[in-house]
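Enquirer: I have a structure here, written as structure tokens, and I will follow up with some questions on it.
The values are calculated or read from the model by the stated rules, or taken from the named source; none is laboratory data. Being a predicted model, the structure only gives us computed values, none of them experimental. Here the Cβ positions follow ideal geometry from the backbone for every residue, glycine too, while neighbour counts run over all protein chains shown. Note: areas computed on protein heavy atoms with side chains; ligands, DNA, RNA excluded. Shrake-Rupley method; radii C 1.70, N 1.55, O 1.52, S 1.80 Å.
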Amino acid sequence: MDNFYLIILSNVILMSLVNIYFNSVIYRGQIFYTVQLLFLCFIIIHSIYICITKLFFATFYFIDVGAPFGLFYGPFFYIGLSFLINDESKVLKREWTHFALGLLFIPIFLVLTFFFRYNLTVLKVYSIILYGLICLQMVVYTLVAYIRFNRMVKDKKAIAIMSQSIIVMLATALIFLGIVFSDLNKQPNAINSFVIYALMLSAVVIMFRYNLLILVRKFTYYKNSYTGKLFFDYFKEQFIAPQEGQIEQVPQPVVEVEPPLEIEVVKYQKSRISEEEMNNYLKSLDRAWEAKIYLNPDLTLNLLSKTAHIPKYHLTQVFNLGLNSNFNKFINALRVQHAVCLLDNPNNMETIEEIMMQSGFNSRSSFYRAFNVYYDISPADYRKQANL
């Protein structure tokens, strides 16, 4: 029973490492990737710190209970949720000020550990202040996050995960509140410690569930995308033999989507591409658009070049001169128009977040920004007007 905490904390570390991998696959390039990576590294360090203090400093329990790790969980929860919903880099520096209180307590903790370790009165006062602030901070950040982001999140599974996170935060706050009113001169209650470790594990499990949900959705959309269909059709042909009497599935008809851009072919007197090559390239792109390759959230100029069999240095000219646009602008236009088709359907009960992902966008902020460029309105408001 004494080593039971090692089992819990080992699982915390293991789940954190799995989440780091999922994080790199799903969110790389977004600010949320950095925030989640820092939190996971932080919780790994916290878990290792607890194991070391319990193994080598068991008699001086202040090293464990006095470390101000708890002051960082509230800010991480709030900032992570903030950037998950609105991935805007311009507010990054301002958000990091939330960690000021935790950073302030680190030197205080070190001074007390080395110079006041035998002054139990000072250590008790410090611990009461620390745990009181942790409790207050978690409650405040939880309430502010709920008030600020509750209406922004429409996806039912995302709401459930956010609710679970709030429950974990409030439960942790109650534990710290109980510690404040306990006798801190005595060795900490083992049950309280186990509950806190279990809540740490719950936090990384919730993150794992959410990341797994997003990963499954991305895989589903990739499977239905142009490149995904190419891969899976090839896989079926090569490795899966058709069974006798098996009925072939009839492919769904492709709905042509007109992008909200005026596309016109221009002559290329100053380009290295001949008019005949340009026409062939445009036909190749038309085939890619018909297959809806733009719905692949991981689509890049490189990938489009390989799929459409157009050299990358020619593809840039095709967008700039042949389509009077650029890669990002044109792809976003197609994605927005696809989203509009889904929003116009009164029988479509999918949330804005689900439509966003089905349309090839990786983040809510980029979806709203692109949608506003062409329709000067948010997707949610557009749906309300369309279904009047």
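Enquirer: Filter the stretch 46-56 down to the residues that are of a type outside the set (S, T, N, Q) and either in contact (Cβ under 8 Å) with a residue 24 or more places away in the chain or surrounded by 13 or more Cβ atoms within 10 Å (Cβ to Cβ) (or both) and list them by number.
Expert: Scanning the stretch 46-56 gives HIS46, ILE48, TYR49, ILE50, CYS51, LYS54.
Enquirer: Given (1) part of a helix (DSSP H, G or I); (2) open to solvent by 30 Å² or more (accessible area, probe 1.4 Å); (3) at pLDDT 65 or above, identify the lone condition not met by LYS157.
Expert: (3)
Enquirer: Also, quick follow-up: Picking from SER193, SER182, which residue would you name as being of a type in the set (S, T, N, Q) and either open to solvent by less than 40 Å² (accessible area, probe 1.4 Å) or modelled with pLDDT of 75 or more (or both)?
Expert: Working: SER182 fails: either open to solvent by less than 40 Å² (accessible area, probe 1.4 Å) or modelled with pLDDT of 75 or more (or both).
Checking each option against the conditions leaves just SER193.
Enquirer: What number of residues within the stretch 346-356 satisfy the criterion of being open to solvent by 20 Å² or more (accessible area, probe 1.4 Å) and among the hydrophobic types (A, V, I, L, M, F, W, C)?
Expert: 1
Enquirer: Regarding LYS306, is this residue open to solvent by 80 Å² or more (accessible area, probe 1.4 Å) and at pLDDT 85 or above? Walk me through it before giving the result.
Expert: On the way: open to solvent by 80 Å² or more (accessible area, probe 1.4 Å): yes; at pLDDT 85 or above: yes.
For LYS306, the condition - open to solvent by 80 Å² or more (accessible area, probe 1.4 Å) and at pLDDT 85 or above - is met.
Enquirer: Still on this structure, please answer the following. List, please: which pairs have Cβ atoms under 6 Å, are six or more places apart or on different chains, and start with a residue in the stretch 120-131 that is among the aromatic types (Phe, Trp, Tyr) and end with one that is at pLDDT 85 or above?
Expert: Taking only residues 6 or more apart or on different chains, the pairs are TYR126/LEU112.
Enquirer: Still on this structure, please answer the following. Could you count how many residues in the stretch 277-303 are part of a helix (DSSP H, G or I), open to solvent by 10 Å² or more (accessible area, probe 1.4 Å) and touching a helix residue (DSSP H, G or I) at 6+ places or on another chain (Cβ under 8 Å)? Talk me through it step by step, then tell me what you get.
Expert: Start the filter on the stretch 277-303 by keeping residues that are part of a helix (DSSP H, G or I), which leaves 277-290, 293-295, 301-303.
Narrowing further to those that are open to solvent by 10 Å² or more (accessible area, probe 1.4 Å): 277, 279-284, 286-287, 289-290, 295, 301-303.
Going one step further and asking which of them are touching a helix residue (DSSP H, G or I) at 6+ places or on another chain (Cβ under 8 Å), we end up with 277, 281-282, 284, 287, 289, 295, 301-303.
Selection size over the stretch 277-303: 10.
Enquirer: Please work out which residue is modelled with the lowest pLDDT, limiting yourself to the stretch 266-276 and to residues that are open to solvent by less than 80 Å² (accessible area, probe 1.4 Å) and farther than 26 Å from VAL336 by Cβ. First the steps, then the outcome.
Expert: Pass one, the stretch 266-276, residues open to solvent by less than 80 Å² (accessible area, probe 1.4 Å): 266, 268, 271, 273-274.
Right, trim to farther than 26 Å from VAL336 by Cβ and you get 268, 271, 273-274.
Values: TYR268: 44, SER271: 51, ILE273: 74, SER274: 80.
For the stretch 266-276, the residue satisfying everything is TYR268.
Enquirer: Here is a follow-up. Can you list the helices (runs of 4 or more DSSP H) lying wholly within the stretch 1-115 that have 3 or more residues being modelled with pLDDT of 80 or more and over 30 Å from ILE352 (Cα atoms)?
Expert: By residue number, 4-26, 31-56, 62-65, 100-115.
Enquirer: Would you check if GLY322 is touching a Pro at 6+ places or on another chain (Cβ under 6 Å) and open to solvent by less than 20 Å² (accessible area, probe 1.4 Å)?
Expert: Working: touching a Pro at 6+ places or on another chain (Cβ under 6 Å): no; open to solvent by less than 20 Å² (accessible area, probe 1.4 Å): yes.
No; evaluated as a whole, the condition is false for this residue.
Enquirer: Can you tell me which of (1) open to solvent by 30 Å² or more (accessible area, probe 1.4 Å); (2) outside any helix (DSSP H, G or I) is the one TYR313 doesn't meet?
Expert: With respect to (1) open to solvent by 30 Å² or more (accessible area, probe 1.4 Å); (2) outside any helix (DSSP H, G or I), TYR313 is out only on (2).
Enquirer: Can you tell which of ALA370, ALA333 is touching a residue at least 60 places away in the same chain (Cβ under 8 Å), part of a helix (DSSP H, G or I), open to solvent by less than 20 Å² (accessible area, probe 1.4 Å) and in contact with a Phe, Trp or Tyr (Cβ under 8 Å, 6 or more places away or on another chain)?
Expert: ALA333
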